[in-house]
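Note sheet for the following structure.
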């Protein structure tokens, strides 16, 4: 692979996903595997490899961004320009990202060595899992993931941003890696606009440290906080409007206060039944795959019936709803006109 192949530029500058030959929905494990393969293949000192320092540096920078949840979230939403110039966040300005320019440092942090044959060394020196007894305490196993609920308001889902979560975990004290003590840490969690319910945001090995275990992954699962007006349905928003019977029969104008503080006035001219659904396109939540597009607002209706009608009012209703498709149509029309004022009073009673 040449440098020209790696230097993929998209609409928002450098395409870090393209550099690692990944799609934008790549998972954490995919990113690690891609970096491992490409970094070894492009290591400047590896014989027979496509050694190219510029390509090696691009690969390292792409991994440095995509392996960090915060940098990745900013890049996914704002591209290279937003990442490297800084963007506004919920708690102030997010500082511009500058790659340290040391691809070998990134390589060393990943492989634990600068050796261009790190993959071969690993396979030769790593004991088989069945016979690995670290520190004489038995086989090291990774702890089960620590699952946390990340409850978001609809406003947070709508706008996206960053959310800070506090965790408590045991960390090693000293170099012997035997003793531990509790430590409080703040994790900054990237929230992409329109993030789906059930999305898992993983912080690898941020669980308790211990001499005979690999720390668990800390996982945050997105859940929706109840909203007083709207209900979420994927990227759509649903709400129920209460209308009086007279409005259901004669029409009305519905007012909706949106999540982004606009006021929609929606005219309903058809007869409103409990089964009616009025769809307002583009007034839902941002679509996760393209935040410039939005789902729909879907209105349902609850028709409120009067608890009492007088005999006269019932007669007016009967006459008003009587079918005119008879030879008496003209007389009925005159009747309706003659009692127009009384009928208006009657509708106000409904």
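FYI, it's all coordinate maths here, none of it is from the lab. Computed from a predicted structure; not experimentally measured. Here Cβ is always computed from backbone atoms with ideal geometry, including for glycine, and neighbour counts include all displayed protein chains.
The ranking of 172, 220, 56 by Cβ neighbour count inside 10 Å, starting from the fewest, reads 172, 220, 56. Give the separation of the Cα centroids, region 140-159 to region 21-89, in Å. Centre-to-centre (Cα) distance: 24 Å.
Separation of region 287-317 from region 231-275 is 6 Å, based on Cα centroids. The relative contact order of region 246-290 comes to 33 percent, based on Cα pairs under 8 Å that sit 6 or more residues apart.
For residue 142 and residue 37, calculate 0.36 nm times their separation in residues minus their Cα-Cα distance, and state this gained length in nm to one decimal.
Values: separation 105, 0.36 × 105 = 37.80 nm, distance 2.40 nm.
35.4 nm is the gain from fully extending residue 142 to residue 37.
Of the peptides 309-317, 148-156, 202-210, the ranking by mean beta-carbon count within 10 Å, highest at the top, reads 202-210, 148-156, 309-317.
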